[in-house]
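In what follows, a structure is listed as structure tokens, so that the remarks can point back to it.
The values are calculated or read from the model by the stated rules, or taken from the named source; none is laboratory data. No experiment lies behind these values; they were computed from the predicted model shown. For neighbour counting, all protein chains shown are included, and Cβ atoms are generated from backbone atoms with ideal geometry for every residue, glycine included. Side chains included, ligands, DNA and RNA excluded: accessible areas come from the protein's heavy atoms. Shrake-Rupley method; radii C 1.70, N 1.55, O 1.52, S 1.80 Å.
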Amino acid sequence: MAFWLFDFNFGLLLIRLVFGLAFAAHGAQKLFGWFGGYGIAGTGGFLESLGFRPGKMFATVSGLGEFIGGLLFALGFLGAAGPALMLSVMLVASITVHIKNGFFATGNGIELPLLYAVGAIGVALTGPGHYSLDAALGYQLSTPKLTWIFLALGLIGGIANLVLRRPSPSSPVV
């Protein structure tokens, strides 16, 4: 019998807890102003400056996606629903904020949202493991078909968010 700390399922649990709870904390910053966050009003103002209007509505949707997605991911609950929410939010953040800043997080680059997105996809494709709420409840939501459907919905949700974006026209160069 393998020592439990060197178990595949324990590794998945560790990844889910760290990524999921950190992601949920980002949502709590947006929704509640916790952990040094700006809350709905502050996040809404920032999102308006990026072209997401009305900002408070987009802040609420983004915050809920991060908070609920992170918690679902950490708990290993409802199959790939949590990873799909994470993917959706990180796609939007990557394209609207981070990609223009290069790769590394030190320059506000794409590094962190890429890690969250790939971690979410990887765990979705692997399944949440034995130490998950889905396993404890006997849910069979990590089938390949359902996983791909959830991930496709996450991509579609992110793209729909980007389509709804209305950036201000650039000031003419004098």
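Okay, here's what the table says:
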read-out	value
Using a Förster distance of 35 Å, the FRET efficiency for Ser49-Leu133 (Cβ separation, nearest 0.05)	0.40
Choice from Val123, Val61, Val97 with maximal GNM fluctuation in the chain (Cα, 10 Å cutoff)	Val97
Theoretical ellipticity at 222 nm over the chain - DSSP helices of four or more residues, -39500 (n - 2.57) apiece, nearest 500	-21500 deg cm²/dmol
Accessible surface of region 1-85 [probe 1.4 Å, protein heavy atoms]: carbon and sulfur percent	78 percent
Packing rank of 47-54, 89-96, 68-75, where each peptide gets the mean count of other beta carbons within 10 Å, highest leading	68-75, 89-96, 47-54
Mean accessible surface per residue for the chain, computed with a 1.4 Å probe while every protein chain stays in place, in Å²	56 Å²
Normalised contact order of the chain, rounded percent, pairs of Cα under 8 Å and 6 or more residues apart	24 percent
Choice from Ala120, Ala160, Ala84 showing the highest fluctuation, given a GNM over the chain with Cα pairs closer than 10 Å	Ala160
Label selected from (i) 72, 31, 29; (ii) 56, 39, 32; (iii) 48, 34, 27, the criterion being Cα extents along the principal axes in Å as computed here	(i)
Sparse-neighbourhood loop sites, chymotrypsin sites (Phe, Trp or Tyr not before Pro) in region 101-167 - DSSP loop, at most 11 other Cβ within 10 angstrom	Phe104
Residues Val18 and Glu111, FRET efficiency given R0 of 22 Å [Cβ-Cβ distance, rounded to 0.05]	0.85
Helical segments meeting 27 Å axial Cα length and Kyte-Doolittle 0.0 threshold in the chain (DSSP H)	8-32, 55-75, 144-164
